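The values are calculated or read from the model by the stated rules, or taken from the named source; none is laboratory data. Quick caveat: nothing in here was measured; it's all calculated off a predicted structure. Cβ coordinates were reconstructed from backbone atoms using ideal geometry, including for glycine residues, and neighbour counts include every protein chain displayed.
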Amino acid sequence: MRPLIRFSIHHPVPTIVLYLITAVIGLVSLSRLPLDLYPAMEFPLAVVATTYEGAGPEEVEAHVSRPIEEVVGTVPGVTKVRSSSSEGTSLVIVEFDYGTDMDQAGLSIREKVDQVKGYLPAGVGSPMVFKIDPTALPVVTVGVTGSDDLAELKALAEDIIKPRLERLDGVASVDVNGGLEREIQVVVDPARLQAFGLSMSSVAQVLGYENLNLPGGQVGEGSVNLLVRTVGQYQSLDEIRDIRLGTVRLGDIAEVRDTFADPETKVWLDGRAAVSLDVQKQSGGNAVAVANAVKAELKKIEAELPGQVQTRILSDTSRMVVTSLESVATNGLQGAVLAILVLLFFLRNLPATFAIAVSIPVAVISTFGPVYFAGITLNIISLGGLSLGVGMMVDNSIVVLENIFRHKEMGKDIVQAAEDGTAEVSLAITASTLTSVAVFLPVVWVTGLAQLFFRELALTISFSLLMSLLTAVTLVPMMAPRLLKDRPARRQIPWAVRLSDRIGQWLERLEATYGRLLDWALGHRWHVVGIGASFLVLIALVLGQMGLEFIPSSDTSQFRVSIELAPGTRLDETQAAVEEAVAQIQDIPELQSLYVAVGTTGGAYSTGGESNQAFIVGTLSRPGQRRRSLDEIMEDVRGRIVLPGAKVTVATTGTIETGGNDIEVQIKGDDMEVLEDLSKQVLAIIAQVPGARGLDTSISEGRPEVQIRVDRARAARYGLTASQVAAAVQSAVRGQVVTQYRVGGEEYDIRLMATEAARSDVNALRQLPIATPLGQTVPLGELAELTRGVGPATIDREDQMRVVKIIGQIYGRDLGSVINDIKARLADFPLPPGYEIAYGGDYELMEEAMTGLVQTLIFSVALVYLVMAAQFESFLHPFVILFSIPLALVGAVLGLVLTGRSMDMSAMIGLILLAGVVVNNAIVLVDYINQLRRQGMDRDEAVRLTGPRRLRPVLMTTLTTVLGLLPLALGLSEGAELEAPLATVVIGGLTLSTLLTLVVIPVVYTLFDDLVVRVQRRASARIRAAAM
């Protein structure tokens, strides 16, 4: 490496030009990096959706779900197959290994499903295969309020706002929710219909036939051909009323009215009726750019909206993106400033501090180039990697510059000192950098959600550290001769000189104190080993009591309340219950707004569902503007909402969607009645576990219904079939869209239905007239038996077995402790033969991630050892250096305990990073000891001289890394929660490891050296004995 160092020193212009080119590439790459909250994710899930009209859940399960499960289970890479069978619908969910090409997997599933399609029963629809796209969630949700006319709001949203937003670059689609939809209703009186011998089907047929524009060809008129077109489309409601049904006007037997369709969902914003729009970005689009474009366009649109109508941003993922990225960047900048102050304290030389500090921006800017070409987005993970690396970026430069100082003090010319000093430590800093990079190689191979998130962290840190190594061996020695010239005495500031001298004296006393401690340690080596071992025993006891989590919780300033009433509850009743819930929580002081949607089961802002379901999304003030945490406020909400007979669930929104629940206990077996009974018993047991909240089972109650059983023999006497009777009932009760009413360039449905009185209850339904082919009518009660019943529920399956799940959330405790308590309480739970209990949700994901990360940690330590062995050309010295890793583990666990954090996926990644970082100080010590011994110095003298001489660079590298990570470890800003455990682990482990390494590693070095000497002596003795 000396030729590269020499070239950099003697050819500064080409060196500077090289870094300027690198900086330009980095800045251009930074401007083109997409911004997002988290890395791009592709969940390895595919869904096979199939319809089977008229079939119950058991028929759907037996004849559709199970055959599809069996064939898709043979697709390569499948890890789990689940299914949900409900009335008329089968959903088979196929889970693959993370990293699977889902496009190819989808093709394989289609091929397998095509093989079994021909064996499915007649009437089964064609199975549809699609993959789950986590990026399909709205980037921005917009609320439109200001008018009590919901039809007007709906029209403004669909005709003005939606088209304008869909034209923006990066916007994939805009969905409008809520409001009222204009509809022309033809409400027929069944009694009059029967009196005139007419039927609903005949009315529908005439309405459709009369509403048409039909081309008739061409006719000639002179030299011109004229198109012939019969214009028969309805121009007014009076035209519809005047339609003749034989001798009867439609208006005589039906009321034709211009009204609105019955709403399936209703939306409110802060108590006012509203319409919402969900804006989705294109796949791979820049969420921040799309959100900014939407907000800019909304400002223009608001100026054109009538009256008091206004728009309001309900959800904006870009706010969290920008806030999180700014917070992480600010933490990184604060860490850089603290690291530079540490350098200034130790070096007491502004030019020298500048020479090292410049490596931070150079390395950061240069990193953006490889980040861009690696296809990484700028998110809190990748930017967090840069923040984590800020303190480590100066480590190599510190070691280089400190060694240049030492060579200069030996009387060498500054240029020669720069070359010799850099070359002397180049092996050590290369080894330390490669060990830090090597620990991340296995992370790239980790599967599961951990790989999706921390692959980018690993690559970003690796890029930045490699750039810092290049800076240390080229830029720093190039600047050293120009910045480290002796400053004339007349230019020195008196008070600065006095302060520098005092710091120098303090550092000299510190080195002397450390020298005496090292002398004592070398004289009491086994005492030192015993102290180190006692730390390990202590930490083993602490580890057994430490909590386990999957992913650190994040304060998004939003919560979501899901409300589900008894099946069949009317929309108005559900609305009344939700209004009661809103009244119970609206006086929460931190609450800024409430968004309410009734008639939906979807995510935070999606719509479409059942009339008995609703949700409330509460937006809170920012974390820095309130005293209570999001978890505390959610617990308050749980205590406030009291709705008898309703299922109420309170959860966060906007965090990482893992696809699982905090608590998910699965009971598997064959008999649904047995499973239901077992689930009730297990639910009662889990409810006694402290910290368990919002418990419920996956068994859905059947919906109350009126079952019409057609007497086929009786119907046949009237010339009717069961399908004809069903169609007539559907047209009268639910209504039938028979044609469209076109006016002003818009189309509106014309819906045919019976009067409210004819469908108000079961008795009225019995009197519904059904037309026969002979022109007569007969009451429905004469053709069928009408009874009240309960609709079938849903049957869930997993791994070829029926399954019922008990799901819930956790408050005030860690996930591992709660699940362990549940396992302990269910250990002796009696299960019938053929039934079993399993644990899924976030716990299953956590176990998978932790297992993979523990294996990665082992592989990382092995790689660190091999890299050091190659650098030192020895298997013994790297083994000595590895003793710093268990010492770091002690500090890491103590750091988590003192900060009240649990061991989670982020902390495990911190341990892996720590394995590559903590060895750096030991590398510097052992490498320098070996250099002195090669120069002929005695071992003990070399050890005693190395410690104090390398104390300053060791302390500087440690403190710059620790203080560089400190703002991130505090986790006070939004978006920093994910990296806070990681930073805490590194700080705790590096701090304690450094203090112990300065004493333990020299001791272990001498012990192993003595062992080698004894082995060599015995081998020599055997050889001499054999020779004699």
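The residue list Pro39, Pro67 contains one member that is in contact with a helix residue (DSSP H, G or I) (Cβ under 6 Å, 6 or more places away or on another chain), part of a helix (DSSP H, G or I) and farther than 30 Å from Glu424 by Cα, which is Pro67.
Please verify whether region 218-228 includes one or more residues that are farther than 29 Å from Leu780 by Cα and among the acidic types (Asp, Glu). Yes, region 218-228 contains at least one residue that is farther than 29 Å from Leu780 by Cα and among the acidic types (Asp, Glu). Of Leu344, Leu388, all but one fail to be part of a helix (DSSP H, G or I), out of contact with any Phe, Trp or Tyr (no Cβ under 9 Å at 6 or more places or on another chain) and surrounded by 24 or more Cβ atoms within 10 Å (Cβ to Cβ); the exception is Leu388. For region 725-752, filtering for residues that are closer than 27 Å to Gly123 by Cβ, in contact (Cβ under 8 Å) with a residue 60 or more places away in the chain and in contact with a helix residue (DSSP H, G or I) (Cβ under 9 Å, 6 or more places away or on another chain) leaves 7. Look at region 820-831: where a residue is over 13 Å from Gln666 (Cβ atoms) and a partner is assigned to a loop (DSSP other than H, G, I, E, B), sitting 6+ places away or on another chain with Cβ atoms under 9 Å, you get Asp821/Val689; Asp821/Pro690; Asp821/Gly691; Asp821/Arg813; Arg825/Gln688; Arg825/Val689. Does region 96-115 contain any residue that is closer than 30 Å to Leu298 by Cα, in contact (Cβ under 8 Å) with a residue 60 or more places away in the chain and not in a helix (DSSP H, G or I)? No, region 96-115 contains no residue that is closer than 30 Å to Leu298 by Cα, in contact (Cβ under 8 Å) with a residue 60 or more places away in the chain and not in a helix (DSSP H, G or I).
Out of all the residues in region 872-920, which are outside any loop (DSSP other than H, G, I, E, B), more than 30 Å from the chain's Cα centre (by Cα) and farther than 30 Å from Ser817 by Cα? Phe872, Leu876, His877, Pro878, Phe879, Val880, Ile881, Ser884, Val919, Asn920, listed by residue number. For region 944-964, check the following and say yes or no: at least one residue is in the same structural domain as Leu913 (by TED's automatic domain parsing), farther than 24 Å from Ile356 by Cα and not acidic (Asp, Glu). Yes.
Screening region 173-273 for helices (runs of 4 or more DSSP H) wholly inside it with 1 or more residues that are closer than 30 Å to Ile161 by Cβ and assigned by TED's automatic domain parsing to the domain that holds Leu752 returns the ranges 237-241.
Is it fair to say Val140 is crowded, with 21+ Cβ neighbours inside 10 Å, at pLDDT 85 or above, of a type in the set (Val, Ile, Thr) and under 16 Å from Glu304 (Cα atoms)?
Values: crowded, with 21+ Cβ neighbours inside 10 Å: yes; at pLDDT 85 or above: yes; of a type in the set (Val, Ile, Thr): yes; under 16 Å from Glu304 (Cα atoms): no.
No: the conditions fail for Val140.
Under the condition of being among the hydrophobic types (A, V, I, L, M, F, W, C), crowded, with 20+ Cβ neighbours inside 10 Å and part of a loop (DSSP other than H, G, I, E, B), the residues counted in region 274-307 number 1. Might you let me know whether region 193-202 holds any residue that is free of Cβ contacts under 8 Å to residues at least 60 places away in the same chain, aliphatic (A, V, I, L, M) and under 28 Å from Gln767 (Cα atoms)? For region 193-202, residues free of Cβ contacts under 8 Å to residues at least 60 places away in the same chain, aliphatic (A, V, I, L, M) and under 28 Å from Gln767 (Cα atoms): present. Residues that are part of a helix (DSSP H, G or I), out of contact with any helix residue (DSSP H, G or I) (no Cβ under 7 Å at 6 or more places or on another chain) and among the basic types (Lys, Arg) within region 509-563 comprise Arg509, Arg516, listed in sequence order. Of the strands (runs of 3 or more DSSP E) entirely within region 723-814, those holding at least 3 residues that are over 22 Å from Tyr209 (Cβ atoms) and modelled with pLDDT of 80 or more occupy 784-790, 795-798, 801-810.
Among the residues of region 712-722, how many are touching a residue at least 40 places away in the same chain (Cβ under 8 Å) and either assigned to a helix (DSSP H, G or I) or in contact with a strand residue (DSSP E or B) (Cβ under 6 Å, 6 or more places away or on another chain) (or both)? Qualifying residue count, region 712-722: 3. Please state which of the following conditions Asn820 fails to meet, knowing it meets all the rest: (1) surrounded by fewer than 20 Cβ atoms within 10 Å (Cβ to Cβ); (2) more than 30 Å from Val897 (Cα to Cα). Tallying (1) surrounded by fewer than 20 Cβ atoms within 10 Å (Cβ to Cβ); (2) more than 30 Å from Val897 (Cα to Cα), Asn820 fails exactly one: (2). Restricted to region 752-798, and to residues there that are within 17 Å of Gln724 (Cβ to Cβ) and among the polar types (S, T, N, Q), the residue that is farthest from the chain's Cα centre (by Cα) is Gln776. Is it the case that some residue within region 752-761 is surrounded by fewer than 20 Cβ atoms within 10 Å (Cβ to Cβ) and small (Gly, Ala, Ser)? The answer is yes, given that some residue of region 752-761 is surrounded by fewer than 20 Cβ atoms within 10 Å (Cβ to Cβ) and small (Gly, Ala, Ser).
From the list Arg788, Arg797, the lone residue that is farther than 19 Å from Gln736 by Cα, in contact (Cβ under 8 Å) with a residue 24 or more places away in the chain and crowded, with 18+ Cβ neighbours inside 10 Å is Arg797.
Consider Ala172 carefully, then state whether it is in contact with a helix residue (DSSP H, G or I) (Cβ under 8 Å, 6 or more places away or on another chain) and under 28 Å from Glu746 (Cα atoms). No, not satisfied.
Looking only at residues of region 670-688 that are within 32 Å of the chain's Cα centre (by Cα) and not in a helix (DSSP H, G or I), we find that the one that is surrounded by the fewest Cβ atoms within 10 Å (Cβ to Cβ) is Gln688. Is it the case that some residue within region 933-949 is surrounded by fewer than 18 Cβ atoms within 10 Å (Cβ to Cβ), part of a helix (DSSP H, G or I), hydrophobic (A, V, I, L, M, F, W, C) and at pLDDT 85 or above? Among the residues of region 933-949, at least one is surrounded by fewer than 18 Cβ atoms within 10 Å (Cβ to Cβ), part of a helix (DSSP H, G or I), hydrophobic (A, V, I, L, M, F, W, C) and at pLDDT 85 or above, which makes the answer yes.
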